[in-house]
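Student: Below is one structure. I have some questions about it.
The values are calculated or read from the model by the stated rules, or taken from the named source; none is laboratory data. As the structure is a prediction and not an experimental result, all values here were calculated from the model. Methodologically, a virtual Cβ is constructed for each residue, glycine included, from the backbone with ideal geometry; neighbour enumeration extends over all protein chains shown.
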2 protein chains.
Amino acid sequence: MYSQPESRIVIIEDDQTIREGYAYLINHTSPYQVVATYPSFDAAKHKISKDQPDVIILDIQLPGTNGIDALPLLKKLLPQVYIIMLTVYETEKTILDALANGASGYFTKNTPTAKLIEAIKDVLNGGGPMSPDVAKTVILSLQKNPDSPLTKRETQILELITIGKDRGQIAKELFIEVETVKTHTKNIYTKLNVNSKAEAIQVAKDKRLV
Amino acid sequence: MYSQPESRIVIIEDDQTIREGYAYLINHTSPYQVVATYPSFDAAKHKISKDQPDVIILDIQLPGTNGIDALPLLKKLLPQVYIIMLTVYETEKTILDALANGASGYFTKNTPTAKLIEAIKDVLNGGGPMSPDVAKTVILSLQKNPDSPLTKRETQILELITIGKDRGQIAKELFIEVETVKTHTKNIYTKLNVNSKAEAIQVAKDKRLV
DNA sequence: AAAAAATCACCCTTAAGGGGGTATTTTTTA
DNA sequence: TAAAAAATACCCCCTTAAGGGTGATTTTTT
């Protein structure tokens, strides 16, 4: 058995105090080494490939290219890299956008260094670390409305409608007749107070019925 | 300042060893009390309201009504209760279904009791605890395809299409002409090799383009 | 036993969507 | 700074998948 090479960390964060603080603490209290720090993505983009980072700690509120937009660009430069977002924003949209664009973890800025170091370990082990409030937001975003006016079958059909299936496909998938699908659809429209597929999809998304 | 009343825990789990093991450990190593345990939802449904649990630890593979189906029913009986799923299944569908139906947290069965107790604390504090692998699965489910063939504008329009907006609404929302929306749509169809909105939505979902 | 949910059928009508072609302006990138 | 890519906008034509109305039987729940 031989010792693993240290994992390489890069920090992109515009606040110098936070940047250097985290860098110092990670270097001195963990088996990881901070190989570079940058105050912005634009400052990092031409050099970061040479740093060969395993993990990037990325702020969202950066001057120039913001963290969300930087995500896909970093992924393009370094397809294997894990990216942990660090931010003061914790709106649902920001969190979901970050995760949609390839972030591996998400923490708010008051996160103690110990937790962050644990998160680095987690992503390297294939996990997806998040602070509890972030996790809660993510879970809520997945939650369906428990007070749906629709029956089980109707919900099922609405679900298929929202993923773009037409009557024929739905009928085939559920082993029922097209006319039955039509009947259910009509009932769905009545209950949701709409009169088209498009509107139904909007209401479904809006009220989290599917 | 007076001390908080102990939080009340109920465990629903068919394996007697696991059920009693967790109950014992939670009772003896944490400030929480297990007020009842049941081997199934069906055994629990008529009594659990009287237990007044704050947190339910719920297994998925139960005899009779399974854990996923039990979720909305438990939520109906006890709207305020937090439910932590405990299971050997960790397929994406199972995890997402559980969270969609109102689970507050999700752990695999090999989770040490200490982590579970921490999870109880987390949900009571409004967090959304998950084991790292579960979190990873959730994050992956939110991830977009980084190699989309679509431009930014096209992705944006496809996104609006998938949430049921028609040409007119899209045009208004993006401050462009309906004809421009049509042009983009045509280009999207060409790139995705489809020739209808419905197909485009299916491909979009399938390839996680939105 | 009653109510709710799920199933199937027939008629009739149209708006929203889709195909083809062309062209200018703006932005990005090499 | 030249070339390429992306975004914008218009015109003509055409059809299908979707929606509305009405009625009825069977299965499942309560």
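Student: Take the residues in region B:99-121 that are touching a Phe, Trp or Tyr at 6+ places or on another chain (Cβ under 8 Å) and assigned to a helix (DSSP H, G or I), then tell me which one is nearest to the other protein chains (Cβ to nearest Cβ). Give the steps one after another, and end with the answer.
Tutor: Let us first name the residues in region B:99-121 that are touching a Phe, Trp or Tyr at 6+ places or on another chain (Cβ under 8 Å), namely B:99, B:104-105, B:113, B:115-117, B:119-120.
This time we only want the ones that are assigned to a helix (DSSP H, G or I), so: B:99, B:113, B:115-117, B:119-120.
Values: B:LEU99: 4, B:THR113: 19, B:LYS115: 13, B:LEU116: 15, B:ILE117: 14, B:ALA119: 10, B:ILE120: 12 Å.
Residue satisfying both the conditions and the ranking: B:LEU99.
Student: Another question, if that's okay. Within the bounds of region A:169-182, is there any residue that is surrounded by fewer than 18 Cβ atoms within 10 Å (Cβ to Cβ), within 9 Å of another protein chain (Cβ to nearest Cβ) and at pLDDT 95 or above?
Tutor: Quick first cut of region A:169-182, residues surrounded by fewer than 18 Cβ atoms within 10 Å (Cβ to Cβ) only: A:169, A:172-180, A:182.
From the residues that got through so far, the ones that are within 9 Å of another protein chain (Cβ to nearest Cβ) too are A:169.
The next check asks that each one be at pLDDT 95 or above; those that pass are A:169.
For region A:169-182, residues surrounded by fewer than 18 Cβ atoms within 10 Å (Cβ to Cβ), within 9 Å of another protein chain (Cβ to nearest Cβ) and at pLDDT 95 or above: present.
Student: Here is a list: B:LEU74, B:LEU62, B:LEU25. Which entry is within 22 Å of the chain's Cα centre (by Cα) and either without any contact (Cβ under 8 Å) to a residue 24 or more places away in the chain or in a helix (DSSP H, G or I) (or both)?
Tutor: Working: B:LEU62 fails: either without any contact (Cβ under 8 Å) to a residue 24 or more places away in the chain or in a helix (DSSP H, G or I) (or both); B:LEU25 fails: within 22 Å of the chain's Cα centre (by Cα).
None of the other options fit; the residue is B:LEU74.
Student: If I ask for residues that are touching a residue at least 12 places away in the same chain (Cβ under 8 Å) and more than 11 Å from DNA strand D (Cβ to nearest atom), which ones from region B:161-210 would you list? Walk me through it before giving the result.
Tutor: To start, the set of residues in region B:161-210 that are touching a residue at least 12 places away in the same chain (Cβ under 8 Å) comprises B:161-162, B:167, B:170, B:173-174, B:181-182, B:184-185, B:187-188, B:191-192, B:197, B:200-201, B:204-205, B:207-210.
If the condition is that a residue be touching a residue at least 12 places away in the same chain (Cβ under 8 Å) and more than 11 Å from DNA strand D (Cβ to nearest atom), then B:ILE161, B:THR162, B:ARG167, B:GLU173, B:LEU192, B:ALA200, B:ALA204, B:LYS205, B:LYS207, B:ARG208, B:LEU209, B:VAL210 are the ones that fit.
Student: Right, another one. Among the numbered criteria (1) more than 21 Å from B:ALA98 (Cβ to Cβ); (2) surrounded by 16 or more Cβ atoms within 10 Å (Cβ to Cβ); (3) within 10 Å of DNA strand C (Cβ to nearest atom), which single criterion is violated by A:PRO149?
Tutor: (2) is the only condition that A:PRO149 fails.
Student: Continuing with the same structure: What are the residue pairs meeting all of these: first residue in region B:111-129, first residue on the phi > 0 side of the Ramachandran plot, second residue part of a helix (DSSP H, G or I) and surrounded by 14 or more Cβ atoms within 10 Å (Cβ to Cβ), Cβ atoms under 7 Å, and 6 or more apart or on different chains?
Tutor: From residues that are on the phi > 0 side of the Ramachandran plot, the pairs are B:GLY126/A:LYS136.
Student: Next up: Could you go through region A:166-185 and let me know if any residue there is among the β-branched types (Val, Ile, Thr) and more than 13 Å from DNA strand C (Cβ to nearest atom).
Tutor: Residues of region A:166-185 that are among the β-branched types (Val, Ile, Thr), as a first pass: A:170, A:176, A:178, A:180-181, A:183, A:185.
Applying the additional criterion that residues be more than 13 Å from DNA strand C (Cβ to nearest atom) yields none.
Scanning region A:166-185 turns up no residue that is among the β-branched types (Val, Ile, Thr) and more than 13 Å from DNA strand C (Cβ to nearest atom).
Student: Follow-up. Out of region B:122-135, which residues are part of a helix (DSSP H, G or I), facing chain A (nearest Cβ under 7 Å) and touching a helix residue (DSSP H, G or I) at 6+ places or on another chain (Cβ under 9 Å)?
Tutor: Looking only at region B:122-135, we keep the residues that are part of a helix (DSSP H, G or I), and these are B:122-124, B:132-135.
Subsequent filtering for residues that are facing chain A (nearest Cβ under 7 Å) retains B:122, B:132-133, B:135.
B:ASP122, B:PRO132, B:ALA135 - these are the residues of region B:122-135 that are part of a helix (DSSP H, G or I), facing chain A (nearest Cβ under 7 Å) and touching a helix residue (DSSP H, G or I) at 6+ places or on another chain (Cβ under 9 Å).
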